[in-house]
Amino acid sequence: MPVEELEDKVILTNPQDSSSKVTILKYGATIISWENKAEEKLWLSKAAKLDGSKPVRGGIPLVFPIFGKQKNPEHPTSKLPQHGFARNNEWEFLGQTNESPVTVQFGLGPENLSEETRSLWPFNFTLIYTISLKEDKLTTKIEVENSGRKEFEFNWLFHTYYKIQDITDILVSNLIDQNCYDQLIGESYIEKAPAISFHEEFDRIYKNINSSKIIQIIDKGKVLYNLKRNNLPDSVVWNPWIKKSEGMNDFEPKSGYENMICVEPGHVNSMVLLPPGEKWFGEQEISIGGEIKVQSNIY
Ligand code: BG6
């Protein structure tokens, strides 16, 4: 069966290859596993809560309508918790929308939220999340509609945790010359590394990356993933390293930072302003393997 709905999750299986599957928790519409040819591609903490008691530590949590915490106390998102409410509310499973590639949709609107959450962000909206699985490829697309009478502003982010063997062997490429905001020191600068490597805590927002740039995650010279972004100008790159992981009680094993890297396409440097009746979409396409492609500016 290419699409199997269970009480708390939905499992997609590639009809052409039953060893490729995606598991989506209804809570947060969080993808908690992507197996390609029987190999797990996403990192999931051993202590991740999958019972709806807190956002999932790992997989692909969805960040909306605010990335991090809003710093402006006057902004309508200022009362929301870190990373908003999309990742910690149960989404509605809307069903299968395509056979090949196998595709499903989930939806979230104010009717799915508690009174309390609704009062924290009192706008009318519809989110439609589309997940599509092919051989060596996973596509996640979000559509945000303003179904109310007031304009609203939001961030979006696919908080993707990749499973890797050893963080010190990893390079993330094609972000050279990109303006970035380093969340650890609170400063913006131009990234000068042809490829980013990791040897300490890392938390940067790369801003306004041209959509032609394909971010690659490379392991010992081999391309693990190619990340294409459609209408998602920014990307966060995050690894909590030793101290930060110790402080997160749902992060296990504590050495897990060695086996994960988050590369998170989104719209977070600025907010999207959505007038009533309008729609916005953002999409990430993750493909496996291929060759290293160097994309830098030529002077
Ligand atoms: C990343 C942020 O996207 O998410 C980090 O850049 C943050 O600053 C991380 O620590 C995890 O956030 P949370 O809320 O899931 O612990």
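Read the figures in this text as sums done on the coordinates, not as results from a lab. Owing to the predicted nature of the structure, the values given are computational and were not obtained by experimental measurement. Positions of Cβ are generated from backbone atoms using ideal geometry, with glycine treated the same way; all protein chains shown enter the neighbour counts.
Observations on the structure shown:
- In terms of its C-alpha gyration tensor, the chain has a rounded overall shape, because the principal axis ratio a/c (a ≥ b ≥ c, square roots of the eigenvalues) stays below 1.5.
- Sites listed here are trypsin sites (Lys or Arg not before Pro) in region 120-221 whose DSSP assignment is loop and whose Cβ has at most 14 other Cβ atoms within 10 Å: 149, 150, 192, 220.
- Those chymotrypsin sites (Phe, Trp or Tyr not before Pro) in region 145-223 that DSSP places in a loop and that have at most 11 other beta carbons within 10 Å: none
- Length gained on full extension, residue 296 to residue 211: 29.3 nm, using 0.36 nm per residue less the C-alpha separation.
- Free of any GluC sites (Glu not before Pro) that DSSP assigns to a loop and that have at most 10 other C-beta atoms within 10 Å, the longest stretch within the chain is 100-199.
- Checking the cross-link pairs 9/69; 9/243; 41/293; 37/192 against a 24 Å limit on the alpha carbon distance flags 9/69; 9/243; 37/192 as lying beyond it.
- For region 222-299, the set of trypsin sites (Lys or Arg not before Pro) satisfying both a DSSP loop assignment and a count of at most 12 other C-beta atoms within 10 Å is given as 293.
- Computed about the Cα centre, the dipole magnitude for the chain is approximately 400 debye when only Lys and Arg (+1) and Asp and Glu (-1) carry charge, each at its Cβ.
- Dipole moment magnitude, nearest 20 debye, region 99-180 about Cα centre, only Lys, Arg, Asp, Glu C-beta charged: 140
- Point-to-point label distance, residue 78-residue 179, nm (Cα→Cβ direction, 7 Å offset): 2.5
- Think of the chain as having a plus end and a minus end, set by charges on the Cβ of Lys, Arg, Asp and Glu; of 173, 225, 50, 173 sits farthest toward the positive end of this dipole.
- Bridging of residue 150 to lysines at a Cα separation below 19 Å is possible for 79, 279, once same-chain residues fewer than 8 apart are set aside.
- Listed residues 148, 84, 266, most fluctuating in the chain (Gaussian network, C-alpha, under 10 Å): 148
- Based on C-alpha pairs under 8 angstrom that are at least 6 apart in sequence, region 187-250 has a relative contact order of 38 percent.
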